[in-house]
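All remarks here apply to the structure that follows.
The values are calculated or read from the model by the stated rules, or taken from the named source; none is laboratory data. Values in this document were obtained by computation on a predicted structure and should not be read as measured data. Note: ideal-geometry Cβ built from the backbone for every residue, glycine included; neighbour counts use all protein chains shown.
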Amino acid sequence: MLVLVPPEIALDDVAPAADATVEATNALLLRVATGDQRAFSELYDLIAPRMLGLVRHVLKDHAQSEEVVQEVLLEIWQTAPRFDPNKGKAVTWMLTMAHRRAIDRVRSAQSSRDRDTRIGIRDLDRDYDSVAESVEIRIEHDRVEKALSRLTELQRQAVELAYYGGYSHSEVSDMLGIPMGTVKTRLRDGMMRLREELGVAS
């Protein structure tokens with residue numbers, strides 16, 4: 001069973017704290033990429049509690065959070081060769097993967113609830129056209145997803161963490177290991193680009 005990082009230290013712990021830790025994590029992930037099981041065990045012990053704290057922050061439910069973390073760790077084992085230390089830190093790469101998987105789980109659950117709601121509304125035989133309404137929602141969702149895909153990877157990371165994940169600017173700064181000013185710049189530029197793509201006036 002995974003141990004949750006306590007909420008009062010989770011956010012600090014999620015951040016790649018010291019250069020030595022960052023380098024150690026990078027080295028472990030590179031060893032995992034070669035199929036080194038011992039390195040994976042060490043990496044698991046190092047990253048799993050942090051990852052659980054992050055995922056639990058999004059999902060709230062402990063059992064689901066553990067399940068998502070196990071899925072992500074398996075994905076890390078399988079995709080470690082794709083990690084490029086020249087493009088970023090191992091901790092950021094893994095935690096971003098976990099955050100996206102958690103967001104996917106939230107969206108999936110919401111989609112299921114929405115489907116149940118639509119079925120319930122249909123069964124109530126309401127006067128309005130629920131099919132038309134759900135199509136409009138779907139179209140709007142697709143527009144937002146398409147707009148997000150037009151952002152740079154760095155802008156999209158910041159926007160997803162701040163607006164989908166609900167993290168503060170300082171938390172995003174800690175999680176991505178970048179200065180607060182850089183976070184604000186990425187969010188500002190990302191939101192300006194989203195408004196342009198969606199045709200929304202500033």
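Report yes if Glu8 is over 21 Å from Met175 (Cβ atoms) and either in the same structural domain as Ile103 (by TED's automatic domain parsing) or at pLDDT 90 or above (or both), otherwise no.
Here the answer is no, as Glu8 does not meet what is asked.
Tell me which of these Lys146 doesn't satisfy, since it passes every other one: (1) modelled with pLDDT of 75 or more; (2) surrounded by 13 or more Cβ atoms within 10 Å (Cβ to Cβ); (3) not acidic (Asp, Glu).
Evaluating Lys146 over (1) modelled with pLDDT of 75 or more; (2) surrounded by 13 or more Cβ atoms within 10 Å (Cβ to Cβ); (3) not acidic (Asp, Glu) leaves (2) as the failure.
Does Ala80 fit the bill of being closer than 25 Å to Ile103 by Cβ and outside any loop (DSSP other than H, G, I, E, B)? It would help to see each step written out before you state the result.
Values: closer than 25 Å to Ile103 by Cβ: yes; outside any loop (DSSP other than H, G, I, E, B): yes.
Criteria met by Ala80.
Looking at (1) touching a helix residue (DSSP H, G or I) at 6+ places or on another chain (Cβ under 7 Å); (2) at pLDDT 90 or above, find the lone condition where Gln37 falls short.
(1)
Kindly indicate whether Ala109 is among the small types (Gly, Ala, Ser) and at pLDDT 90 or above.
no
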